[in-house]
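Structure, as structure tokens:
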There are 4 protein chains.
Amino acid sequence: MKKKCAIVGATGFGGLGLLEILTRHPELEATQLFARKETGIRINDIFPSLTGFYDNEVKDLSEIDYNSIDIAFFSTPDQAGMEIIKPFFERNIPVVDFSGDFRFNTVEEYKIYAENKSMIPEHKSPELLKHSVYGLPELNREKIRNSKIVGNPGCFAISMILASIPLTELGLIKKGTLVADSKSGVSGAGKNPGAANFYPQRHENVNTYREGRHQHLVEVENMINIKNDGHKLFFIPQVVPISRGILSNVYADPSSKVTSDDLVSAFAEYYKKSPFVRVTSKSPNLSDVRGSNFCVIRPLYDERTGKILVTSIIDNLMKGQSGNAVQNANIMLGFDETAGIMVPGTFP
Amino acid sequence: MKKKCAIVGATGFGGLGLLEILTRHPELEATQLFARKETGIRINDIFPSLTGFYDNEVKDLSEIDYNSIDIAFFSTPDQAGMEIIKPFFERNIPVVDFSGDFRFNTVEEYKIYAENKSMIPEHKSPELLKHSVYGLPELNREKIRNSKIVGNPGCFAISMILASIPLTELGLIKKGTLVADSKSGVSGAGKNPGAANFYPQRHENVNTYREGRHQHLVEVENMINIKNDGHKLFFIPQVVPISRGILSNVYADPSSKVTSDDLVSAFAEYYKKSPFVRVTSKSPNLSDVRGSNFCVIRPLYDERTGKILVTSIIDNLMKGQSGNAVQNANIMLGFDETAGIMVPGTFP
Amino acid sequence: MKKKCAIVGATGFGGLGLLEILTRHPELEATQLFARKETGIRINDIFPSLTGFYDNEVKDLSEIDYNSIDIAFFSTPDQAGMEIIKPFFERNIPVVDFSGDFRFNTVEEYKIYAENKSMIPEHKSPELLKHSVYGLPELNREKIRNSKIVGNPGCFAISMILASIPLTELGLIKKGTLVADSKSGVSGAGKNPGAANFYPQRHENVNTYREGRHQHLVEVENMINIKNDGHKLFFIPQVVPISRGILSNVYADPSSKVTSDDLVSAFAEYYKKSPFVRVTSKSPNLSDVRGSNFCVIRPLYDERTGKILVTSIIDNLMKGQSGNAVQNANIMLGFDETAGIMVPGTFP
Amino acid sequence: MKKKCAIVGATGFGGLGLLEILTRHPELEATQLFARKETGIRINDIFPSLTGFYDNEVKDLSEIDYNSIDIAFFSTPDQAGMEIIKPFFERNIPVVDFSGDFRFNTVEEYKIYAENKSMIPEHKSPELLKHSVYGLPELNREKIRNSKIVGNPGCFAISMILASIPLTELGLIKKGTLVADSKSGVSGAGKNPGAANFYPQRHENVNTYREGRHQHLVEVENMINIKNDGHKLFFIPQVVPISRGILSNVYADPSSKVTSDDLVSAFAEYYKKSPFVRVTSKSPNLSDVRGSNFCVIRPLYDERTGKILVTSIIDNLMKGQSGNAVQNANIMLGFDETAGIMVPGTFP
């Protein structure tokens, strides 16, 4: 019998992504769906593509039945799940949270994150922070296995950390040289229609925003400094007219003589136990990973200028969100890490 | 143990679509891949999204091993597989052919098809035509089950037949009134880069082509006249700037008084045994079926003008091509009709 | 010295379109800009592309100076300008109104229009209706010349009327056979971000809406019946993932024997004095008219089915809105009809 | 009477861009159009948007009449015009060349350029190189005025040079720190349909290419070192799914303490005599310049990391190609520098 999931925040792209994965997951199924708006409606009336697979009614959280939940996904915006997670924790129900609420272990770190996003800087469940783990399996697999609260990383953060951490952890680069130029599809901002992503405004457009002060910076700098302190990152997020996908170009100066082959070998070795990271020496196309949970990474050294470029690509709604969340859940529940998410991309 | 497929023409969108499906098919796997160009290369060097799933070398057909093939898919252009299918037939290997070569039972019908597409009008394997079946499971399920050669329909044809045939077969419309205004994504024309579908030319563009003389007309008129003769179709194909998907609007005048509810009921009844057809009374979005094998159909009667509109949507690479082909294969091999293809669409 | 325009509703796509045209108009300039929101801001802070051309502050209409206005454009939503047009009329200032408020000469016709759009059905300035003219120069050039209130047509309506009216007026088609299948870019709905046109929802999507009951129907049926009564139109509006442009396919049955050449000749003759209509026998690409005020029309007769197709293309923001409005203004003010708008499309 | 242009290579995007501009140019008109293919056809049969404006027959260069040409534009690929420019030079006809053939003054520099693009490294008209000027008016206005051969820069190069040169020329940055991450629309590669820019392949895709070795590097490094030697540039070109436009992010480390305001002031002062450069402190949208000849530049200093970002946007077919070419022609012929190209962008 499959384990039962509750999804809090089921009507956004995160919830949809989870439901799409769960239609093919051998061990998990969604049994309770919650949202703040759009309650009383069947989920397939909101997302017709789910018809025939999930037709659960979306309910208000007050109608929850805690007794039949094996794991909960909080696909909620920042600070929305911060307090309502408590009864799950008290009942020992594992939670994967999609927001920034549980990506940090101290209130101080959280405060910087929250301020970068112009939110209330105080955390409302500070006592839970020490129980939470940053949910990037490639770095924290063992901690995730033993945790009840996993903070699923930001999509930009995943794309940058996976491209950067072999550089910093292995001491391959000089401090003070890291720059990340990242391009995201529109769905990275969630199901939030607004002026900036209105079709006529977004088509044929590219723009930078929150230059050097995007909230994901904090979590990236946390992670890349764990074994080798002192790295800062200049991060320039950008939006391009695509629906899904992030391509990050991470630039740095090498700490000592290196070649592209050296870098490819170092990265391949670093990720040899990570089934969803593919290291390559060829320039990838973002569309290679569409719909899949893979992160493809291409490191390169430019001899003429003495600079390193690491390009990474992910589907922001899969490895950048729901796919990574299920990867975390698989680890937390003792399943095969790849269950339900080992699928190829879809093309074209 | 899974049954073994050969794919002839593995390097186009049809081949890719099959391989994507076969990564999740419980009964079938691809073991031999053939193409005319790009031989000697691994399939995942052509389609990097398949890395980790299929890395077979693409070979020339001369290297085929007929002994270990349970079914063959010919994802080849018109007239490319017309003769090379013979040794498969002689060895009793079932074949699903993606081209127009085996969609007709007579050389006369084939001739009209070929002439509409400005091809050589003579069929080169006329003796096989009587063994072939038009591969639309919703109409020919039993014939397909007993056939060794199935001609997988054209993508436009599937979208129009499924929208039209309840109208003609049930005698719901007047002869001489059928019009189909169909909009297709670019992948409908295969992996054929050219001036018309160069990104700068295709974006922000819509155009009609082969107005009233598209080759799929012949197969549509064949099918919709099977039980109720005398219908003609004025078919206007169009290309819109999307990668995949077809939305067809079929217009007709009713033969007698009717309501939208009547039509919805009649269509629902007609397709009640067809797991991939969904009849609805709401206006569908083409994106509802992206990546899935469903055809969603919405019939409507406009009382003010006395006209019928039936809108159908499919993913041209799934229900319009590879998904439908696997559905045919499932039936031919005695599997569950939905094996490997009962997946929800992917959104957004 | 140039004549002075006021633009009421300057901050939408209609206002922007006018301002773009006015930067190159030899006789007209915009001197007063009004809006309900976004007042107190310079227009080029709203539309940075206007920087260096127009930097007027957007004001509240209460700040208007009627004394220095030679013509006013009301680029306002339905019913927004219905009453505030009165002081302009009383001061004899010519007005081109972009909404449906002044497209009809009777309150009865207006009521049908308003009800189709679920608006208050009563007109608030009924006494002005008899002074207003339907602003399609190709049909009403002389009336427009002598009018003080011109109701600029709906974009879909322009595309359908220009494709249909030679058919009905010249008696070329049977009554009861007209169908229009029209595809519009997203900007046709104005600068109104919402769920339906959020980039991830709109890309890779096509959908029909208000099937057979779109509000533009009333104005189309008004016009096509002027000289030859009794025609009804089944109109299916659709949205495709492009920013600007409308392609309409108008279907009908001929009243007597006809050829494609006959139709092309009849249309060419009909529009011989209309500088912005191009009749062609070749299938046009919607992108041929992007950024221009042209309407390209291709009539075709399908001998096999005995059906007529007339395809028309326009840029919905030019011939479908601001370009047509300036064409009206040119006529009203005695300028060359083409002043400021005789520009080629921009490609790609 | 207008001056007469010949356009060699009239059937590509460069030729089309020139013709669009010339329809509104007060002093110039195109009178002779040449191409290698598509001769004997009217230009408006190739580009229907030009109908009513230009209907010249495209001819083979052998049919040229040198006597009635005041200026020639060579909108030809690399090495196509290298020799055929000679008779123009001998007849004292000014030429603006769109390729890389005349962007360098020495055969050595040209050789590097050619090798980066895998072309024959020998220049076939070396004697002309000393007469040519690099055609960026913002840097070389006076030299252009006195030259008969202007090498119109590469589109990427323009976007990077305008963003970088105040930094290097004013000594604002450290050597060895320059990185340019540039995103281009597809039309930047010309009217060259191919696999990479086939609609289904290009939509929803972003990719890097020729990382650190794109041919435009040579011309950028030439220019940015003119007054302050020793700068190298690590340049990563990328293609995004848009038709036109380039957004470049140029990164560098400051040579001494600086603020964003300092940078904005320095850039504004540097470009104060350049009518097509707009310096801003706000994040620009690429769509702000679509269809216009402007380059918008936003310099920024990130205090936390001590890094500089300069973002520039251009329309690659205007300021990046034809618009800049006409700007050069205006200067060469003694017209107002802005004649025919001082138009706002078109939106949306």
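The values are calculated or read from the model by the stated rules, or taken from the named source; none is laboratory data. Since we're looking at a predicted model, the values are computed, not measured. Note that we place each Cβ from the backbone using ideal geometry, even for glycine, and neighbour counts take in every protein chain shown. Remember, those area values only see protein heavy atoms, side chains included, never the ligands or the DNA or RNA. Shrake-Rupley method; radii C 1.70, N 1.55, O 1.52, S 1.80 Å.
Points to keep in mind about this one:
- Rounded to 5, percent antiparallel among DSSP beta bridges of the stretch C:155-316: 70
- Cβ-derived FRET efficiency at R0 51 Å, A:ARG141 paired with C:ASP253, nearest 0.05: 0.15
- When the square roots of the Cα gyration tensor eigenvalues are ordered a ≥ b ≥ c, the ratio a/c for the protein assembly as shown is under 1.5, which makes its shape rounded.
- Starting from the label point of A:THR106 at 7 Å along Cα→Cβ, the same points in the other copies fall at 5.6, 7.9, 8.5 nm, in ascending order.
- Taking Cβ atoms as reference points and 14 Å as the exclusive limit, the residues near A:PRO121 contribute a net charge of -3, counting Lys and Arg as +1 and Asp and Glu as -1.
- Per residue accessible area in Å² of the protein assembly as shown, where ligands, DNA and RNA are left out and the probe is 1.4 Å: 33
- Interface of D with A. Using a 1.4 Å probe and counting protein heavy atoms only, the two chains hide about 3900 Å² of accessible surface, both sides summed.
- Relative to the longest principal axis of the Cα atoms of chain D, the long axis of helix D:13-22 makes an angle of roughly 80 degrees.
- Antiparallel bridge percentage (DSSP; both residues within chain D; nearest 5): 45
- At most 10 other Cβ within 10 Å, DSSP loop - trypsin sites (Lys or Arg not before Pro), the stretch A:63-137: A:LYS130
- Charge tally around D:PHE235: other residues with Cβ under 15 Å, Lys/Arg +1 each, Asp/Glu -1 each, net 0.
- Of all DSSP-defined beta bridges confined to the protein assembly as shown, some 45% are antiparallel rather than parallel.
- Comparing each chain alone with all protein chains together (probe 1.4 Å, DNA, RNA and ligands left out), the residues of the stretch B:14-46 losing at least 10 Å² of accessible area are B:LEU16, B:GLU20, B:THR23, B:ASP45.
- Couplings for the stretch B:173-183, taken from phi via the Karplus curve 6.51 cos²θ - 1.76 cosθ + 1.60 with θ = phi - 60°, read 10, 6, 5, x, 10, 6, 10, 10, 10, 10, 10 Hz in order; Gly and Pro are left as x.
- Its relative contact order, with pairs defined as Cα atoms under 8 Å and 6+ residues apart, puts the stretch D:155-316 at 31 percent.
- Sites B:LYS124 and C:SER265, calculated FRET efficiency, Cβ-Cβ separation with R0 41 Å, nearest 0.05: 0.40
- Farthest positive-ward along chain D dipole, Cα basis, beta-carbon charges - from D:VAL326, D:SER281, D:ILE46: D:SER281
- With all protein chains in place and a 1.4 Å probe, the accessible surface of the stretch C:166-288 carries 48 percent carbon and sulfur.
- For the stretch D:119-195, GluC sites (Glu not before Pro) are listed when DSSP marks them as loop and at most 12 other Cβ atoms sit within 10 Å of their Cβ; the list is D:GLU122.
- A DSSP coil position with no more than 12 other Cβ atoms inside 10 Å describes none of the GluC sites (Glu not before Pro) in the stretch C:194-282.
- Cα-based helix-to-principal-axis angle, A:155-169 vs chain A, degrees rounded to 10: 40
- Between 0 and 90 degrees, the angle of helix D:260-270 with respect to the longest Cα principal axis of chain D falls at about 30 degrees.
- Using a 7 Å projection from Cα along Cα-to-Cβ, the label point at A:ARG36 is separated from the same position in the remaining copies by 2.8, 5.9, 6.2 nm, smallest value first.
- Computed Kirkwood radius, in angstrom, where 1/r is averaged over Cα pairs of chain B: 20.4
- Each listed q (0.14 Å⁻¹) maps to a log10 I(q)/I(0) for the stretch D:155-316 from the Debye sum over equal C-alpha point scatterers, namely -0.69.
- Estimated FRET transfer efficiency (C:LYS282, D:GLU90; beta-carbon r; R0 45 Å; 0.05): 0.60
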